[in-house]
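Q: Can you keep this structure in mind? I'll have questions shortly.
The values are calculated or read from the model by the stated rules, or taken from the named source; none is laboratory data. Please read all numbers here as calculations on a predicted model, not as lab measurements. Note that each Cβ is placed from the backbone with ideal geometry, even for glycine, and that neighbours are counted across all protein chains shown. To get the accessible areas, we keep the full protein, side chains included, count just its heavy atoms, and leave off ligands, DNA and RNA. Shrake-Rupley method; radii C 1.70, N 1.55, O 1.52, S 1.80 Å.
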Amino acid sequence: MSELKKEERDTFDGGFAVVDRERLIEEETRVVTPWYKHFINSIIAPSKMMQENLLHEPPKGNSIAVVGFILFIILITFMQHINPEIRQMVYDALRNKDVAEDMIGQQYIVTLIIGAISSFVALFAIAFVQTIVLQILKVIAKDRCKFASLYTVMLLGLFISLVVQTVDYFAANLIGVNYMVFNLASLFDRTTLMANNTLMTILSFFSLERIVCMIYLIMGYSMVTHKSKKKATIIVSLLEVIILGFSLIFA
């Protein structure tokens, strides 16, 4: 009996040795994607980027979002600065606050810098709150994944939103307007919309930015929960409805 147990133990040990050897070979032959390629893929090949980052434990991808936040907030701030319509709008707002004329230029720069820093900090808070809502929806749907994975997905979704915003502001500069153009609100009279905050909020919500963000969240949610794209679409759509509802409350 002892010899039989010894043979069984040797067999198990041999099996583990084979598994360990195969794991070592896999790790040695694995092609490591450079970080900058992950960053580029987050824009041009998001599915590939997510497969290579979100399925790790803990999930990777936060650094991509953080660098993206910094880079594209700077680009958006620059786009706003070079847009004469936006610059004039900010100048007028400062004059309405009784800022001295000789201080407006300096105060304008300060406003841009504070706005950029505030946007960076706000993105993390927004991601956290929206992830909590997504977590609740996930529990109701009886899906499984860690909060950290959802938070990474949300950060990446907000990052891609900034990418679209940058393109949007670039288009606004070309057209010569002081508002974003890739949304339904841009199709209506601005004077009418400015007098109706609710309508403005609804029309502005339906934008290219939100569509791209939704696609990103659907892909990410489906991947980290191992659920179908159809179910992920339902969950993310419910999240968007909740976000719109809160936007209308505070409009």
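Q: How many angstrom lie between the C-alpha centres of the range 174-228 and the range 41-76?
A: If you average the Cα positions of each part, the centres end up 21 Å apart.
Q: Now a separate question. Considering only protein heavy atoms, what is the solvent-accessible area of Lys231 at a probe of 1.4 Å, reported in Å² to the nearest 10?
A: Approximately 60 Å² for this residue.
Q: Quick one: angle between helix 62-82 and the longest Cα principal axis of the chain, in degrees between 0 and 90, rounded to 10, please.
A: 20 degrees
Q: Contour minus end-to-end for Asn197 and Glu240, with contour as 0.36 nm per residue of separation and end-to-end as the Cα-Cα distance?
A: 13.6 nm
Q: Using a 7 Å offset from the Cα along the Cα-to-Cβ direction at both Asp98 and Val110, what is the distance between the two label points in nm, to one decimal?
A: The two pseudo-label positions are separated by 1.6 nm.
Q: If you don't mind, there's one more thing I want to ask. Might you tell me the accessible area per residue for the range 50-148, computed with a 1.4 Å probe and given in Å²?
A: 60 Å²
Q: Using label points projected 7 Å from each Cα along Cα→Cβ, tell me how many nm separate Gln135 and Ile40, to one decimal.
A: The two pseudo-label positions are separated by 3.6 nm.
Q: Also: On the protein heavy atoms, probe 1.4 angstrom, tell me the percent of accessible surface of the chain carried by carbon and sulfur.
A: Answer for the chain: carbon and sulfur cover 67 percent of the accessible area.
Q: Peptides 233-246, 212-225: what's the order by average Cβ count within 10 Å, highest mean first?
A: 212-225, 233-246
Q: While we're here: Report the gain in length on full extension from Ile215 to Lys142: 0.36 nm times residue separation, minus Cα-Cα distance, nm rounded to one decimal.
A: 24.1 nm
Q: Still on this model: Listed highest first by mean packing, meaning other Cβ atoms within 10 Å per residue, what order do 57-69, 103-115 come in?
A: 57-69, 103-115
Q: Relative to the longest principal axis of the chain, what angle (0 to 90°, nearest 10) does the C-alpha long axis of helix 35-44 take?
A: Its long axis makes an angle of about 60 degrees.
Q: Arg144: net charge of surrounding residues, Cβ under 10 Å, Lys/Arg +1, Asp/Glu -1, itself excluded?
A: Result for the neighbourhood of Arg144: +3.
Q: About the Cα centre, and with charges only on the beta carbon of Lys, Arg (+1) and Asp, Glu (-1), how big is the dipole of the chain? Nearest 20 debye, please.
A: Using Cβ point charges on Lys, Arg, Asp and Glu, the chain gives about 580 debye.
Q: Give me the number: length gained by fully extending Lys230 to Phe170, i.e. 0.36 nm times residue separation minus the C-alpha to C-alpha distance, one decimal in nm.
A: 18.2 nm
Q: Taking the structure as given and computing semi-axes √(5λ) of the Cα gyration tensor in Å, which label from (1) 40, 20, 17; (2) 35, 19, 15; (3) 48, 21, 15 fits?
A: For semi-axes √(5λ) of the Cα gyration tensor in Å, the calculated option is (3).
Q: Something else now. What does the charge add up to near Glu240, with Lys and Arg as +1, Asp and Glu as -1, over the other residues with Cβ less than 13 Å from its Cβ?
A: Here the charged neighbours net out to 0.
Q: Which of Ser119, Phe39, Met194 sits farthest toward the positive end of the charge dipole of the chain, with +1 on the Cβ of Lys and Arg and -1 on the Cβ of Asp and Glu?
A: Farthest towards the positive pole: Met194.
Q: While we're looking at this one, here's another question. Relative to the longest principal axis of the chain, what angle (0 to 90°, nearest 10) does the C-alpha long axis of helix 147-175 take?
A: Here the helix axis deviates by roughly 40 degrees.
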